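Student: Take this structure, written in structure tokens, and hold onto it; I'll ask about it next.
The values are calculated or read from the model by the stated rules, or taken from the named source; none is laboratory data. On a predicted model such as this, the values are computed, not experimentally measured, just so you know. For neighbour counting, all protein chains shown are included, and Cβ atoms are generated from backbone atoms with ideal geometry for every residue, glycine included.
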Amino acid sequence: MASPLPASHGSDLAVSLTGVTVSFRGRPPLGPYDLTVARGEIVAVVGASGAGKSTLLRLLAGLETPSGGSVVRASGGTTGFVFQSPTLMPWADALTNVTLPLDIAGVPRTEARRRASTALQAVGLGDRLTARPGQLSGGMAMRVSLARALVTDPDLLLLDEPFAALDSITRRTLIEDLHRLWTARHPAMVFVTHDVEEAVYLAGRIVVLDSRTGRPVADIPSPGPLPRPDRWRADPAYREAVEAVAAALASAMDPAR
Amino acid sequence: MSRFLAPLILIALLLAGWELLVRTLGVPTYVLPPPSAIGLALIDRAPVLAGSALQTFWMALQALAVAVVLGGGLAVAISLSPIAEQAVRPLAVTLQVTPIVAIAPLVLIWAGLDNADRAVVALAAAVAFYPLFSGVLSGLKSADPDLERLFDLYGANRIQRLLRLRLPAALPASLEGLRVATGLAVIGAVVAEFVSGSGATQGLAWRLLEAGNRLRTAELLAALVCLAGLGLALNAGVEAFERAVLRHGHRR
């Protein structure tokens, strides 16, 4: 398993899975998953649908109980999670949706509202604090979801195909936003996608999952410093990495392999 | 405009046809009185009917309040514990499938014949209980599973999860349950009054029985008109309440 930092470097570790398996009733078990994510690293996870990408993210978040193996999480940090759909409470306005993690943690109300409005400003929605989810476009609702994930200042941010349902222009601006937010606070990020080019552009490392077991079968570095300028998409190194990931994905999906 | 006009014209035509048919065929008034006779009975008996309607309305409302507190409260309580739900559900279903008429004599004995209206309230509440219990419970479970995961992620306790996620998510289904329960509370009150019988209560059901026993069919139909009006009024009340609560795009 190619990993930029050995797991023994405890202080540099955000989260790691070692030989983790998950079984659901009536289905063959998924895994074993081996994945180490260092502090401040951006890892993209690609794989066919049904390859257990969401399960992998839920394992990293501690939302899934493994049936075997071990999950190690850096202590003290919080985790942010962005789902495929914005997953907002439709009865609450944007600000209340974003204060939720702080409210649960018992942060005083005025402090929580201040931090939530700062987080909403950071995603460009400083003027939509009182809007309800039904009044927001898909892209704006996703930004609220992103603000909610960032409001606790997490050291680990998990994103489950967050932009899959958006049009390509909205998606590009959100990816720029994500890079900008990452530059400001450097959380470790694990980003699930089925878009190879998005993965290479966004991440420092791309992990390819086997289409049946969900086991990671390839771990490919994406060269160059983060974040990248938009023109990096024309760089030969980018094209090369896209080719490599696409080839690994094709072989991971080949049933005759 | 035509939303009100079309049904009004239809009703007027039906009533005119009814009047004409009864008069030309010479149908005895104790079998089917003409609408004009029912109208006269409504005016003649207005004070008595109004008092009875008020009593039925009051009993149904009390029953509804009891059912809201017990059904909704029990649903919230057992939603906090899966084992409690498994334990309670068969009992709740048993209550639902037991015909109210069958337990009426027992409840009347318990309440005492001097307190027949209390028995009516209890029986109507028993009928209205299940839709509220079931509506609130299924509503509490209808929250987006990813939102439930988010509450897991941030380590929410049961009370935070209930107040911030499950209760708001339960609102539409609970209101649906309330709507069904309102109709059932009126039906329950009328049936219970029938069973308690012989003037122990003075609601609309007693007016129906009384008029029927004396072959005063016009008065019977007048009481029936009042009962239908009461049902419509309660339904409109619940709908207005539902609209007021859900106004802020709760369902998006």
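Student: Looking only at residues that are charged (D, E, K, R) and touching a Leu at 6+ places or on another chain (Cβ under 8 Å) in the range A:90-133, which one is surrounded by the fewest Cβ atoms within 10 Å (Cβ to Cβ)?
Tutor: Result: A:Glu111.
Student: In the range A:161-199, which residues are in a helix (DSSP H, G or I) and under 14 Å from the mean Cα position of the chain (by Cα)?
Tutor: A:Leu174, A:Ile175, A:Asp177, A:Leu178, A:His179, A:Leu181, A:Trp182, A:Glu198, A:Ala199
Matching residues to (1) under 25 Å from A:Asp155 (Cβ atoms); (2) modelled with pLDDT of 85 or more; (3) of a type in the set (Lys, Arg):
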{"residue": "A:Arg180", "(1), (2), (3)": "yes, yes, yes"}
{"residue": "A:Asp195", "(1), (2), (3)": "no, yes, no"}
{"residue": "A:Ala203", "(1), (2), (3)": "yes, yes, no"}
{"residue": "A:Ile206", "(1), (2), (3)": "yes, yes, no"}
{"residue": "A:Thr213", "(1), (2), (3)": "no, no, no"}
{"residue": "A:Arg233", "(1), (2), (3)": "no, yes, yes"}
{"residue": "A:Ala252", "(1), (2), (3)": "no, no, no"}
{"residue": "A:Pro255", "(1), (2), (3)": "no, no, no"}
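Student: Using the structure shown, decide if A:Ala112 is on the phi < 0 side of the Ramachandran plot and touching a Gly at 6+ places or on another chain (Cβ under 9 Å). Break it down stepwise before answering.
Tutor: Working: on the phi < 0 side of the Ramachandran plot: yes; touching a Gly at 6+ places or on another chain (Cβ under 9 Å): no.
Judged against the criteria, A:Ala112 is not a match.
Student: Also, quick follow-up: Please go through the range B:96-107 and give me each residue that is in contact with a helix residue (DSSP H, G or I) (Cβ under 8 Å, 6 or more places away or on another chain) and surrounded by fewer than 16 Cβ atoms within 10 Å (Cβ to Cβ), ordered by number.
Tutor: Of everything in the range B:96-107, those that are in contact with a helix residue (DSSP H, G or I) (Cβ under 8 Å, 6 or more places away or on another chain) and surrounded by fewer than 16 Cβ atoms within 10 Å (Cβ to Cβ) turn out to be B:Gln96, B:Val101, B:Pro105.
Student: Hey, among A:Thr65, A:Thr110, which residue is in a helix (DSSP H, G or I) and either within 14 Å of chain B (Cβ to nearest Cβ) or modelled with pLDDT of 90 or more (or both)?
Tutor: Details: A:Thr65 fails: in a helix (DSSP H, G or I).
Result: A:Thr110 is the single residue among A:Thr65, A:Thr110 that is in a helix (DSSP H, G or I) and either within 14 Å of chain B (Cβ to nearest Cβ) or modelled with pLDDT of 90 or more (or both).
Student: What residue, of B:Ala102, B:Ala111, B:Ala128, is within 20 Å of B:Ala189 (Cβ to Cβ) and in contact (Cβ under 8 Å) with a residue 60 or more places away in the chain?
Tutor: Every option except B:Ala128 fails the conditions.
Student: Another question about this same structure. Answer yes if at least one residue in the range B:209-232 is crowded, with 18+ Cβ neighbours inside 10 Å, within 14 Å of another protein chain (Cβ to nearest Cβ) and not hydroxyl-bearing (Ser, Thr, Tyr), and no otherwise.
Tutor: Looking for residues that are crowded, with 18+ Cβ neighbours inside 10 Å, within 14 Å of another protein chain (Cβ to nearest Cβ) and not hydroxyl-bearing (Ser, Thr, Tyr), one finds none in the range B:209-232, hence no.
Student: Out of all the residues in the range B:150-159, which are crowded, with 17+ Cβ neighbours inside 10 Å and either outside the structural domain of B:Leu232 (by TED's automatic domain parsing) or not aromatic (Phe, Trp, Tyr) (or both)?
Tutor: The answer is B:Leu150, B:Leu153, B:Ala156.
Student: Taking B:Leu95 as the residue in question, decide whether it is in the same structural domain as B:Gln202 (by TED's automatic domain parsing), part of a helix (DSSP H, G or I) and out of contact with any Gly (no Cβ under 6 Å at 6 or more places or on another chain).
Tutor: yes
Student: Any residue in the range A:76-84 that is touching a helix residue (DSSP H, G or I) at 6+ places or on another chain (Cβ under 6 Å), surrounded by 16 or more Cβ atoms within 10 Å (Cβ to Cβ) and more than 27 Å from A:Ser16 (Cβ to Cβ)?
Tutor: no
Student: Go through the range A:200-223 and give me each residue that's free of Cβ contacts under 8 Å to residues at least 40 places away in the same chain and either loosely packed, with under 15 Cβ neighbours inside 10 Å or in a strand (DSSP E or B) (or both).
Tutor: A:Val217, A:Ala218, A:Ile220, A:Pro223
Student: Residue check: is A:Thr110 of a type in the set (Val, Ile, Thr) and not assigned by TED's automatic domain parsing to the domain that holds A:Pro223?
Tutor: Considered against the rule, which asks whether it is of a type in the set (Val, Ile, Thr) and not assigned by TED's automatic domain parsing to the domain that holds A:Pro223, A:Thr110 comes out as yes.
Student: Quick one: count up the residues across the range A:48-62 that are more than 11 Å from chain B (Cβ to nearest Cβ) and assigned to a loop (DSSP other than H, G, I, E, B).
Tutor: 5
Student: Determine whether B:Gly183 is in a helix (DSSP H, G or I), under 33 Å from the mean Cα position of the chain (by Cα), within 14 Å of chain A (Cβ to nearest Cβ) and not aliphatic (A, V, I, L, M). I'd like the intermediate steps shown before the answer.
Tutor: Values: in a helix (DSSP H, G or I): yes; under 33 Å from the mean Cα position of the chain (by Cα): yes; within 14 Å of chain A (Cβ to nearest Cβ): no; not aliphatic (A, V, I, L, M): yes.
Here the answer is no, as B:Gly183 does not meet what is asked.
Student: Next question, about the same structure. Does B:Arg164 count as surrounded by 19 or more Cβ atoms within 10 Å (Cβ to Cβ), under 30 Å from B:Ser81 (Cβ atoms), more than 20 Å from the chain's Cα centre (by Cα) and among the basic types (Lys, Arg)?
Tutor: Yes: the conditions hold for B:Arg164.
Student: Please indicate, with yes or no, whether at least one residue in the range B:140-152 is away from every other protein chain (no Cβ under 13 Å) and assigned to a helix (DSSP H, G or I).
Tutor: yes
Student: On the given criteria, is A:Val37 closer than 15 Å to A:Asp12 by Cα, among the β-branched types (Val, Ile, Thr) and either in contact with a Cys (Cβ under 7 Å, 6 or more places away or on another chain) or touching a residue at least 12 places away in the same chain (Cβ under 8 Å) (or both)?
Tutor: Yes, satisfied.
Student: OK, next. Quick check: is even one residue across the range A:86-107 away from chain B (no Cβ under 13 Å), over 30 Å from A:Lys53 (Cβ atoms) and touching a helix residue (DSSP H, G or I) at 6+ places or on another chain (Cβ under 8 Å)?
Tutor: The answer is yes; a qualifying residue exists.
Student: Condition first: farther than 19 Å from B:Leu234 by Cβ, touching a residue at least 12 places away in the same chain (Cβ under 8 Å) and over 16 Å from the mean Cα position of the chain (by Cα). Now tell me which residues in the range B:45-86 satisfy that.
Tutor: B:Arg45, B:Val48, B:Leu74, B:Ala75, B:Val76, B:Ile78, B:Ser79, B:Leu80, B:Glu85, listed by residue number.
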